[in-house]
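First up is the structure itself, then whatever we jot down about it.
Every number here is computed from the coordinates shown, using simple stated rules; none is lab data. Because the structure is a prediction, the values reported are computed rather than measured. Don't worry about glycine lacking a Cβ; one is built from the backbone with ideal geometry, like all the others, and counts go over all protein chains shown.
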Amino acid sequence: MDPYELRFASPNPPWGNLTPAKPQPNPPNELILLGAGASVAAGVPTARDMTVKLLNNLPPTVVELANFIVRRLLSHKVDAGEVDLGSQATIDVEELVNAVLDLRDRDALELAAFVESWDARLARLDFASTRKSAAVDRLVGIIREEINPFLESGETREENVRREEFTEGLHRVVLEVLSGQGRGQRLEELYKLLIKALTSLVSIESSDNTAYLLPLFRPLRSQQSLVIATLNYDNTVELAADTAGIKCLLGLETWNERREFGTPGGGLHLLKLHGSADWSQANENLERFMSENPVLLFGGRNKITAEGPFLDLLIAFGRALEGADRLTAIGYSFRDAHVNEFIGKWRRRHPDREFRVVDPRPDYMWDTHADLPDRWRRQRVFGTVEETTLWKVDLIPMTAEEALPALFGQ
């Protein structure tokens, strides 16, 4: 199949009008950016589907806590008008993990100075110890006996329930004080279980599932070096490269030696901007092996710090982008503010360079949300509608599996 070029210059593009691309004697230097949508055909769940799968497989010790967090986050989004509440509504896995980490460390947050008390249900669900020793029972009994005269006897069912809740809370507080635990312990358990399950979901075993990605490497026929940047934790690109007999350069050796990432020389360079499920730290170096603490960065509000490889990976992406004549974003939802900033600056410095966006939901990206161009402008990625027209944004309404052979050839 010959490559196709899709160019839509208005906010209401003629979806499906495919015209063969003209032969290019000097093909542009390509850089490819992969989001979660690029891995769906390999069997990796989307960010929201991943949340559903994780919740369905959590043990009883933390499932109520996880569901509570998801419900509160979803309710907040509904109130803000960001999502419509329905039977399939949920949050993506990065939002869930970020919330778990923030709640685990809630007393250390600067915001804690302005919070008089956290949700009582959070404190109850976060309490990890369930042991009820005889000694604690006796101590609770003594305290209850001393304060019992000050408690009115329950005349109604509601009053009796409150008395029972008081006793349960007293028992929990005493146990927490004696054990010195209960603040964030259950949330830490939930976090570890989420990471363990997440790494399992994104670890693809068969290269047969990644054959559709082989066209990604076709630009290497016309350019000496190809940089693929991905926000995904999975191993799909590595498996596809192995199938194609192409060495996939991750840059780990360079980072271990000089604490920087680069894309020197020819070949295939893969920048895993948010880390990888099979990256772990060993003696302060990055190595490829599975562990309980993979080197991962969760998107959304999460801040990139100077610690670890993530800032250096982002800088390497910026350098590679500066040398690119064309950027093709596949399955990327434009929710990473740091990546968006780099793309926006690149587009403003080089408005004549090409920008292609592969997304199977053109109605979602343009028609359903009338204010989307404005939101894109605020993201400093797409600019205004007029700028988008000037900059020749190529919006391609296909899945990754459909678009790759059309864009790069078989």
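Taking a threshold of 32 Å on the Cα-Cα distance, which of the pairs LYS77/LYS247; LYS53/LYS345; LYS77/LYS345; LYS77/LYS272 fall above it? Write out the running numbers ahead of the final one.
Details: LYS77/LYS247 43 Å; LYS53/LYS345 37 Å; LYS77/LYS345 30 Å; LYS77/LYS272 29 Å.
As for pairs spanning more than 32 Å Cα to Cα, those are LYS77/LYS247; LYS53/LYS345.
Calculate how many DSSP beta bridges within the stretch 210-360 are antiparallel, expressed in % of all such bridges and rounded to the nearest 5. Of those bridges, close to 30 percent are antiparallel. Highest mean first, the peptides 250-263, 28-41, 315-328 sorted by other C-beta atoms within 10 Å per residue fall in the order 28-41, 315-328, 250-263.
Between ASP352 and ALA123, the FRET efficiency from the beta-carbon distance, with R0 = 56 Å, is close to 0.45. The protection proxy used here, the mean number of other Cβ atoms lying within 10 Å of each residue, ranks peptides 230-242, 397-409 as follows, highest first: 230-242, 397-409.
For the listed peptides 282-293, 197-208, a ranking on the average number of other beta carbons within 10 Å per residue, highest first, reads 197-208, 282-293.
Is the shape of the stretch 212-294 best called rounded, prolate or oblate, per the rule: a/c under 1.5 gives rounded, else a/b larger than b/c gives prolate, else oblate, with a ≥ b ≥ c the square roots of the Cα gyration tensor eigenvalues? It would help to have the intermediate numbers written out before the result.
On the way: a/c = 2.42, a/b = 1.47, b/c = 1.64.
Oblate.
Values of log10 I(q)/I(0) for the stretch 197-242 across q = 0.22, 0.23 Å⁻¹ run -0.81, -0.86, by the Debye formula with one identical scatterer at each alpha carbon and no solvent.
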